[in-house]
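Below you'll find the structure, written out as structure tokens, and then a few comments.
The values are calculated or read from the model by the stated rules, or taken from the named source; none is laboratory data. Here the structure is a predicted model, which is why all the values come from computation and not from measurement. FYI the Cβ positions are ideal-geometry reconstructions off the backbone, even for glycines, and counts take in every protein chain you see. Just so you know, the surface numbers come from the protein's heavy atoms only, side chains and all, with ligands and any DNA or RNA stripped out. Shrake-Rupley method; radii C 1.70, N 1.55, O 1.52, S 1.80 Å.
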Amino acid sequence: MGGRALLLLLCSSLACASFAHVVRPLAAGPQDRDAIKSTLRALKAAGNSSRFSPPYNVCTSHWAPIVMCDGIDDSADYTGFQVALWREIARDLGWADSDWSFSCVDWTAMIDDLVDPDGVCSFAAAGVEVSLTNILLGLKFSWPIYKSGFHVLIASAVEQGGTWAFAEAFHWSVWVVLGATSIIVSFLVTAAETFTYGNHANRKGLRGWSWYSMGKMVQVPTHVGDPKTWASKVLVLGYAFLALIIVHLFTATTANKLTMQRLANDITSKADLPGKKVISWEPYVPLLRKYSIDASPMAWDNDDDMAKMLAALRSHNYQALVLDSPVVQYFAAQAEQCDLFPVGDPFETFNLAIAFPPNAPSGLASNVSASIVRLQTHSAMLDVLENKHVKAASATNSGGCNTLHGTGELHGPSVDPQIGFRQVAGVWYIQLITLGIALLLTFLEQLRYRMRHRSSSRTAPDAAAAAAASPGQQPAVEGAALGGEGKECVAEVAVAAPGKTPSWSTGTKVAPADAPASPASPAAVTMAAAAGQKQQQQQQPRQAAGLRADAGERVAFADAPTMPGEVL
């Protein structure tokens, strides 16, 4: 039974989930495959008596960046991770160049030849997967040379900070706690001051201490004054220390956030792929479904197909591409615009190794495995070759692209290290929001003032009529109350003779300040405002143009003489 038939039979009987890892992209186009098969037939016709003796026929197959041999006539010009590693292995084993030679063949033809007892490939140095299917085919493997798996590739621009980067300095919960802390401190300071000194405490009250605590957080002078009690002083001192630490932490973290470079893409790992538009190689699509990734299949038979997948990704028709880890890393490093990035860790991992036919001498595979371990132990050869052939930048991109997403060290040639307006635009957005709030509060205050003015205007005529109807009495006119409903500013006016100055005493209610003069006496005193608290009622009369209450309202008297018996 031929190798290909045996492979299909085993996969059918086992429902091989990992068959996708067996078939690799074909290096040659349809017009070249007949020539490759003809070469293998010619090698078989020559006999395979020397299959496992020098000169060894080292078969390989094109799939960048592991092997790159497509379209290259001279095997000395073959390159790639596996090609370079094999040359180091041959040198370590002491083999001369004449002891082995490369044959670049189709991947499927190479696997068929390995399982064929009459095949001509001594072994395959092509990064063959150590999969269950290949093991059941009887293939032998060397020590693993590369840990591969699926990897997510995205096309994204690199941005330096963001519009709201300054707000990302703290978690949203920290912002909430800071706001709550400023409110709680204002309540505590007000309570401490009022409990200790009562009416002699700082007259700003809760409103003043709220402004004080919020201003302290953002370093704004409030001019509220200092607390009087030691309890409130200790509270304010602790709060000031908290504000100091928070401000410095915010400054340092925001500076880092604004200058840190990150991807303008919300995909960071395979966990973000469900529900997204994803493409992959057709045989990989069933394997991705178990991760809830519904990928669209695309052909991958040659480098042109690979270019089409990358073009579809760059055009943002698809949000991610899932392929083998070395392929993803290679094309991300080769991107001239530094616009391709592998994200997350590889998944569905498996090892790549050098494959040997089932009937290969055990000593051959053992010697190759020992050489691999020796090279890695003494000179870290696997790591060196990975950095050189898988993660290295292209010749046209000498600066290279750092594709380590999530490290905060992403960079590309087009990134400007300066902070632009877009990165701090959120601060101006907040300023616009505060402007809108200020305009709203201004409108509400104006509306409140007009409503109070209209109410005072309606009560003034009634007071004047009462004064005219009872010239010998002192009518009570209820004015605007300060300090709450039901309170009145009370004062008694002793009406003087013409040319005299009126005197004051407690006990008589005073007309509002904005009440007009009595119609019966056009030259009567005009009141501008009526309000005051109980301690003002005890003050001595004074000659003045007005009486100033706590709320800033004024009782004004005209200089014209009053009529005898006229009471305001």
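With the structure loaded, tell me whether Asp92 is open to solvent by 20 Å² or more (accessible area, probe 1.4 Å), assigned to a loop (DSSP other than H, G, I, E, B) and farther than 23 Å from Pro326 by Cα or whether it fails that test.
no
Residues checked against (1) touching a Cys at 6+ places or on another chain (Cβ under 9 Å); (2) surrounded by 11 or more Cβ atoms within 10 Å (Cβ to Cβ); (3) modelled with pLDDT of 55 or more:
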| site | (1), (2), (3) |
| --- | --- |
| Asp383 | no, no, yes |
| His389 | no, yes, yes |
| Ala392 | no, yes, yes |
| Val415 | yes, yes, no |
| Ala425 | no, yes, yes |
| Leu435 | no, no, yes |
| Ala438 | no, no, yes |
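Conditions tested, residue by residue: (1) farther than 23 Å from Asp339 by Cβ; (2) open to solvent by 80 Å² or more (accessible area, probe 1.4 Å); (3) in a helix (DSSP H, G or I); (4) at pLDDT below 80.
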site	(1), (2), (3), (4)
Lys216	yes, no, yes, yes
His223	yes, yes, no, yes
Lys276	no, no, no, no
Met306	no, no, yes, no
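Can you say whether Arg4 is at pLDDT below 95, basic (Lys, Arg) and closer than 25 Å to Asp301 by Cα, as far as the supplied structure shows?
On the way: at pLDDT below 95: yes; basic (Lys, Arg): yes; closer than 25 Å to Asp301 by Cα: yes.
The answer is yes for Arg4.
Does Ser269 satisfy the condition of being of a type in the set (Ser, Thr, Tyr), in contact (Cβ under 8 Å) with a residue 40 or more places away in the chain, surrounded by fewer than 14 Cβ atoms within 10 Å (Cβ to Cβ) and closer than 20 Å to Phe150 by Cα?
Taking the combined requirement at face value, the residue satisfies it.
Hey, can you tell me all the residues within the stretch 106-130 that are of a type in the set (S, T, N, Q) and either in a loop (DSSP other than H, G, I, E, B) or touching a Cys at 6+ places or on another chain (Cβ under 9 Å) (or both)? Step through it out loud before you land on a result.
Initially, the stretch 106-130 is screened for residues of a type in the set (S, T, N, Q), giving 108, 122.
Within the stretch 106-130, Ser122 is the sole residue that qualifies.
Sort out which residues of the stretch 278-296 are without any contact (Cβ under 8 Å) to a residue 24 or more places away in the chain, outside any helix (DSSP H, G or I) and open to solvent by 50 Å² or more (accessible area, probe 1.4 Å), and write them in order of number.
Our first condition is that a residue be without any contact (Cβ under 8 Å) to a residue 24 or more places away in the chain; within the stretch 278-296, this holds for 282, 285, 289-290, 292, 294, 296.
Adding the requirement that they be outside any helix (DSSP H, G or I) leaves 290, 292, 294, 296.
Selection gives Lys290, Ser292, Asp294.
Show the residue pairs meeting these rules: Cβ distance below 6 Å; 6+ apart or different chains; first residue within the stretch 135-146 and within 20 Å of Ala370 (Cα to Cα) and in contact (Cβ under 8 Å) with a residue 24 or more places away in the chain; second residue in a loop (DSSP other than H, G, I, E, B) and not small (Gly, Ala, Ser).
As it stands, the answer is Phe141/Val130, since those pairs meet every condition given.
Among the residues of the stretch 298-308, are any over 25 Å from Val128 (Cβ atoms) and either acidic (Asp, Glu) or under 25 Å from the mean Cα position of the chain (by Cα) (or both)?
no
Being surrounded by fewer than 20 Cβ atoms within 10 Å (Cβ to Cβ) and either free of Cβ contacts under 8 Å to residues at least 24 places away in the same chain or under 24 Å from Asp301 (Cα atoms) (or both) narrows it down to one residue among Val130, Val115, Val83; which is it?
Testing whether each residue is surrounded by fewer than 20 Cβ atoms within 10 Å (Cβ to Cβ) and either free of Cβ contacts under 8 Å to residues at least 24 places away in the same chain or under 24 Å from Asp301 (Cα atoms) (or both) leaves just Val130.
For Val174, indicate whether it is surrounded by fewer than 16 Cβ atoms within 10 Å (Cβ to Cβ) and β-branched (Val, Ile, Thr).
Yes.
Pick from Ala180, Ala165, Ala201, Ala169: which is under 28 Å from the mean Cα position of the chain (by Cα), aliphatic (A, V, I, L, M) and at pLDDT below 75? Before the answer, list the steps.
On the way: Ala180 fails: at pLDDT below 75; Ala201 fails: under 28 Å from the mean Cα position of the chain (by Cα); Ala169 fails: at pLDDT below 75.
The conditions single out Ala165.
Does the stretch 341-349 include one or more residues that are open to solvent by 10 Å² or more (accessible area, probe 1.4 Å), acidic (Asp, Glu), in contact (Cβ under 8 Å) with a residue 24 or more places away in the chain and not in a loop (DSSP other than H, G, I, E, B)?
yes
Is there any pair linking a residue in the stretch 241-254 that is within 16 Å of Val220 (Cα to Cα) and in contact (Cβ under 8 Å) with a residue 24 or more places away in the chain to one that is assigned to a helix (DSSP H, G or I) and not small (Gly, Ala, Ser), with Cβ under 7 Å and at least six apart or on different chains, and which?
Listed by first residue and then by second, the contacts come to Ala243/Lys216; Ala243/Met217; Ile246/Leu178.
Kindly provide the set of residues from the stretch 321-363 that are polar (S, T, N, Q) and in contact with a His (Cβ under 9 Å, 6 or more places away or on another chain), ordered by number.
Scanning the stretch 321-363 gives Ser325, Gln329.
Of all residues in the stretch 309-324, which are in a helix (DSSP H, G or I) and surrounded by fewer than 14 Cβ atoms within 10 Å (Cβ to Cβ)? Steps first, please.
The first filter runs over the stretch 309-324 and keeps only residues in a helix (DSSP H, G or I), leaving 309-314.
Passing the criteria: only Ala311.
Given the criteria open to solvent by 90 Å² or more (accessible area, probe 1.4 Å), modelled with pLDDT of 85 or more and not β-branched (Val, Ile, Thr), does Lys140 qualify?
For Lys140, the condition - open to solvent by 90 Å² or more (accessible area, probe 1.4 Å), modelled with pLDDT of 85 or more and not β-branched (Val, Ile, Thr) - is not met.
When the stretch 350-362 is examined, which residues are found to be in a strand (DSSP E or B) and either among the small types (Gly, Ala, Ser) or open to solvent by less than 10 Å² (accessible area, probe 1.4 Å) (or both)?
Leu352, Ala353, Ile354, Ala355, Phe356
Does the stretch 225-253 hold any residues that are of a type in the set (Lys, Arg) and open to solvent by less than 80 Å² (accessible area, probe 1.4 Å), and which are they?
Looking only at the stretch 225-253, we keep the residues that are of a type in the set (Lys, Arg), and these are 228, 233.
Matches in the stretch 225-253: Lys233 only.
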